[in-house]
Amino acid sequence: MEGKLERSGEDFLIRISAAEGLEHGLREGQTVELRPRPPRRETWADMIGEMDRLGQSHRPEPVDWGPDVGAEIVRDD
């Protein structure tokens with residue numbers, strides 16, 4: 001459910017459609033508890049998706065670190 005925050009004098013109002021409120025069991029004059037949602041953290045998938053959306057020019061060039069030398073060997077097959 002989404003609402004729109006509006007200011008009315010010294011108060012903030014949160015507007016939602018009556019149909020959506022009724023669907024969730026809300027009624028006029030009812031007191032509800034609001035909890036702030038934690039900020040969304042960007043994931044690697046989000047960042048790669050944004051690079052894809054912006055185009056190839058926004059992808060970094062691969063870095064050649066040289067040959068594998070020990071425990072850092074990663075098998076890609």
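The values are calculated or read from the model by the stated rules, or taken from the named source; none is laboratory data. Keep in mind that what you see is a predicted model, and the values were worked out from it rather than measured. Counting neighbours? That spans all protein chains shown, and the Cβs are built from the backbone with ideal geometry, glycine included.
Taking the stretch 10-46 as the search range and keeping residues that are over 30 Å from residue 60 (Cβ atoms) and basic (Lys, Arg), which one is surrounded by the most Cβ atoms within 10 Å (Cβ to Cβ)?
15
Of all the listed residues (3, 66, 70, 49), the sole one being surrounded by 10 or more Cβ atoms within 10 Å (Cβ to Cβ) and at pLDDT below 90 is 3. Among the residues making up the stretch 52-67, a single one is in a helix (DSSP H, G or I) and of a type in the set (A, V, I, L, M, F, W, C): 54.
Looking at the stretch 27-38, I want the residues that are without any contact (Cβ under 8 Å) to a residue 12 or more places away in the chain and have a partner that is surrounded by 10 or more Cβ atoms within 10 Å (Cβ to Cβ) and outside any loop (DSSP other than H, G, I, E, B) with Cβ atoms under 8 Å, at least 6 apart or on another chain. Which pairs are those? Going by the 8 Å Cβ cut-off, the qualifying pairs are 27/21.
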